[in-house]
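Trainee: Okay, handing you the structure first.
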There are 2 protein chains.
Amino acid sequence: MEYSIKHLFHINTSLSKVYEAISTIEGLSNWWTIQTKGNTALNETIQFDFGGTKGPTMKVIKLEPAKEIVWQCIASPHGWKDHIYTFSLDKNEGKTRVQFSHSGWKESNDFYAHCNFTWGRYLESLRQYCETGRGAASGSE
Amino acid sequence: MEYSIKHLFHINTSLSKVYEAISTIEGLSNWWTIQTKGNTALNETIQFDFGGTKGPTMKVIKLEPAKEIVWQCIASPHGWKDHIYTFSLDKNEGKTRVQFSHSGWKESNDFYAHCNFTWGRYLESLRQYCETGRGAASGSE
């Protein structure tokens, strides 16, 4: 049995703007963590850190402009190694629908529940950033 | 197979304050929906509505002061009937740890993912309400 974290929500802006926010260092720095570095091209890696805490290293394994971004975690101090992260975008009722999943969990445990809540906060930050230009990335306040 | 929505997070206030926010009409009105009515005592029911949309009717099936609140959905226009909602509280590193679960899902589908994101937003509203006195309940803006 494997568990996934899944979030579905809408952002009131264009597909290309949301895609850019998830597929560029500048975009990611504005809603997830200001300590984002690396290369967001296909097969390259992005490093996400949080204050004094080293975060995950993600390899970009799929990029379909204005449609889908998939990462595979290749290193993580917190047990995320080999987990898969998918952002799927489509148009729905004039807005951009985002379907996010973080899969590869062996257990639906406390850490899963903590990461689920935290993803919710950062995905809301993504929404705010895309709609208002101002997100709530880690380290931004 | 059954799926659960699970969120774990911390609120920087006392157990009793968080308990009150989840076990009184006034508390619930401040972080979930301003249209909360009914009776929050054991075996009684609470009705939650959202603007022009009728929401779930919850029966309070467990109440342990400063520790646990459990609801069972007894009527819902959105397929939540018979689902179980648990808020478990304990003290952790000087804060109140909240473990929330919404169980009874037959499928981890789009509606599950939508509800998961939405619970995340309202639980963050619960946190803000408990810490600052100001939540973001539906209908409050």
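The values are calculated or read from the model by the stated rules, or taken from the named source; none is laboratory data. Treat the numbers as computed from the prediction; the structure is a model and nothing was measured. All Cβ positions, even for glycine, are placed from backbone atoms using ideal geometry, and neighbour counts span all protein chains on display. The area values use the complete protein model at the heavy-atom level, side chains included, leaving out ligands, DNA and RNA. Shrake-Rupley method; radii C 1.70, N 1.55, O 1.52, S 1.80 Å.
Trainee: Kindly provide the set of residues from segment B:1-56 that are within 14 Å of another protein chain (Cβ to nearest Cβ), among the aromatic types (Phe, Trp, Tyr) and under 28 Å from B:Glu93 (Cα atoms), ordered by number. Even if it seems obvious, please write down each step before you answer.
Mentor: Looking only at segment B:1-56, we keep the residues that are within 14 Å of another protein chain (Cβ to nearest Cβ), and these are B:1-11.
Adding the requirement that they be among the aromatic types (Phe, Trp, Tyr) leaves B:3, B:9.
Within segment B:1-56, B:Phe9 is the sole residue that qualifies.
Trainee: I've got another one for you. Return the residues of segment A:89-110 that are closer than 14 Å to A:Arg127 by Cα and within 15 Å of the chain's Cα centre (by Cα); say none if nothing qualifies.
Mentor: We begin by selecting, within segment A:89-110, every residue closer than 14 Å to A:Arg127 by Cα; these are A:89, A:95-100.
Matches in segment A:89-110: A:Leu89, A:Arg97, A:Val98, A:Gln99, A:Phe100.
Trainee: Can you go through B:Tyr85, B:Tyr122 and tell me which one is in contact with a helix residue (DSSP H, G or I) (Cβ under 7 Å, 6 or more places away or on another chain) and closer than 19 Å to B:Thr36 by Cβ?
Mentor: Details: B:Tyr85 fails: in contact with a helix residue (DSSP H, G or I) (Cβ under 7 Å, 6 or more places away or on another chain).
Criteria check complete, one pass: B:Tyr122.
Trainee: For the subset of segment B:110-133 comprising residues that are free of Cβ contacts under 8 Å to residues at least 60 places away in the same chain and either in a strand (DSSP E or B) or more than 9 Å from chain A (Cβ to nearest Cβ) (or both), which member is least open to solvent (accessible area, probe 1.4 Å)?
Mentor: Applying the filter and picking the extreme gives B:Gly133.
Trainee: Also, I was wondering about something else. Can you pull out the residues in segment A:100-109 that are within 19 Å of A:Gln72 (Cα to Cα) and at the interface with another protein chain (Cβ under 10 Å from one of its Cβ atoms)? Before the answer, list the steps.
Mentor: Looking only at segment A:100-109, we keep the residues that are within 19 Å of A:Gln72 (Cα to Cα), and these are A:100-107.
Residues satisfying the conditions are A:Phe100, A:Ser101.
Trainee: In segment A:49-82, what count of residues is obtained for those that are modelled with pLDDT under 95 and assigned to a strand (DSSP E or B)?
Mentor: 1
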